[in-house]
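The block underneath contains the structure these notes are about, expressed in structure tokens.
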Amino acid sequence: MKIGILQTGHSPEGLMGSIGNYGQMFELLLANSGFDFETFSVVDGIFPTGTGDADGWIITGSKHGAYEDHAWIPPLEKLIREIHAKGKPMAGICFGHQIIAQALGGKVEKFNGGWAVGRTTYDWQGKEISLNAWHQDQVVELPEGAEIVGSNAHCKAAMLAYGDTIWTVQPHPEFSNEFIRGLIEQRGRGVVPDALLDDATTKLNTPVDNPEIATYLVEFFKKERT
């Protein structure tokens, strides 16, 4: 099975060599699952020829807002709608979670409740799960057909399911604690309130549940669909 990764942003230059770019993080997250991968850097205008270029799709995180005016966002939204219409499995993470909702009729905005940064706990269909977050934007209005399957007090629409073909998540199952440390040091100061960064720093030695989401994503992509 081939997974197409629609890369909508880049890692900080200082972390690229040691940890990798966003597409590489998903290859690592889903390693040893029998998948082939191809990354399309849509943030740089590099798109697949169509939905047939992969059997399933992942849309990555980004420093950009889904509502911002970038030339690559409208064609990405069009591709999302085409993938959805074909019934191919698609997962969205952070920006990917938001742009899928926006493309299908929902609304994304800069949340007035502020940032979520570092290890954050969510209720995922009745069980507690902790993942690394790095966002201020949120999905504030759901598109038709979307169901909330994970949330917390700060982020109501933290995980969304659209039938059995689309699953999206606001935090980052591909972000290690090491990468969060790098973001705090290279992108956080002066952007995110210091108190949030300091609190996130205290949790960097606490494990997150990335493997559990990885297992779920593998099952999601491999699921037989009519």
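What's the tally of Lys pairs in segment 1-119 whose alpha-carbon atoms lie under 20 angstrom apart, where the two lysines are 8 or more places apart or on different chains?
Details: Lys2/Lys86; Lys2/Lys88; Lys63/Lys107; Lys63/Lys110; Lys78/Lys86; Lys78/Lys88; Lys78/Lys107.
For segment 1-119, the number of qualifying lysine pairs is 7.
State the percent of C-alpha pairs, over all pairs in the chain, separated by a distance greater than 22 angstrom. Mind dumping the intermediate values first?
On the way: 11975 of 25425 pairs.
When all Cα pairs of the chain are counted, 47 percent exceed 22 Å.
To the nearest µm²/s, what D does Stokes-Einstein give for segment 35-142 at 25 °C and 0.890 mPa s, using the Kirkwood radius over alpha carbon pairs as Rh? Working shown, then result.
Values: Rh = 15.0 Å.
Stokes-Einstein gives a translational diffusion coefficient of 164 µm²/s.
Just to be sure I understand the rule: take each whole DSSP H helix in the chain, project its Cα atoms onto its long axis, keep it if the span is 15 Å or more and its mean Kyte-Doolittle hydropathy is at least -1.0. Which ones pass?
For the chain, where a helix must reach 15 Å along its axis and average at least -1.0, the hits are 73-86, 210-222.
How much space per residue, in cubic angstrom, does the convex hull of the C-alpha atoms of segment 112-170 take up? Before the final figure, lay out the partial values.
Values: hull volume 4.7 nm³, N = 59.
It is 79 Å³ per residue.
Dividing the alpha-carbon Rg of segment 114-211 by 2.2 N^0.38 Å yields what?
That ratio works out to 1.10.
Could you identify which residue out of Gly96, Gly113, Gly65 has the top mean-square fluctuation in a GNM of the chain using Cα springs shorter than 10 Å?
Gly113
Ranking request for peptides 69-77, 213-221: highest mean number of other beta-carbon atoms within 10 Å first, then the rest in descending order. Intermediate values should be presented prior to the final figure.
On the way: 69-77: 14.3, 213-221: 18.2.
The peptides rank, most packed first, as 213-221, 69-77.
May I ask which residue of Thr8, Gln170, Ala85 lies farthest towards the positive end of the charge dipole of the chain, with charges of +1 (Lys, Arg) and -1 (Asp, Glu) on Cβ and the Cα centre as origin?
Working it through, the farthest residue towards the positive pole turns out to be Ala85.
When the Debye formula is applied to the Cα atoms of segment 173-226, each taken as the same point scatterer, what base-10 log of I(q)/I(0) results at q = 0.12, 0.19, 0.24, 0.25 Å⁻¹?
With one equal scatterer per Cα and no solvent, log10 I(q)/I(0) is -0.41, -0.70, -0.90, -0.94.
With +1 on each Lys and Arg Cβ and -1 on each Asp and Glu Cβ, and nothing else charged, work out how big the dipole of the chain is about its Cα centre, in Debye to the nearest 20. If you can, show how the numbers build up before the last one.
Values: 18 positive and 29 negative charges, 26 e Å.
With Lys and Arg at +1 and Asp and Glu at -1, about 120 debye.
FYI, it's all coordinate maths here, none of it is from the lab. In this text the structure is predicted, and so the values were computed from the model without any measurement. Glycine also receives a Cβ, built like all others from the backbone with ideal geometry; neighbour counts cover every protein chain displayed.
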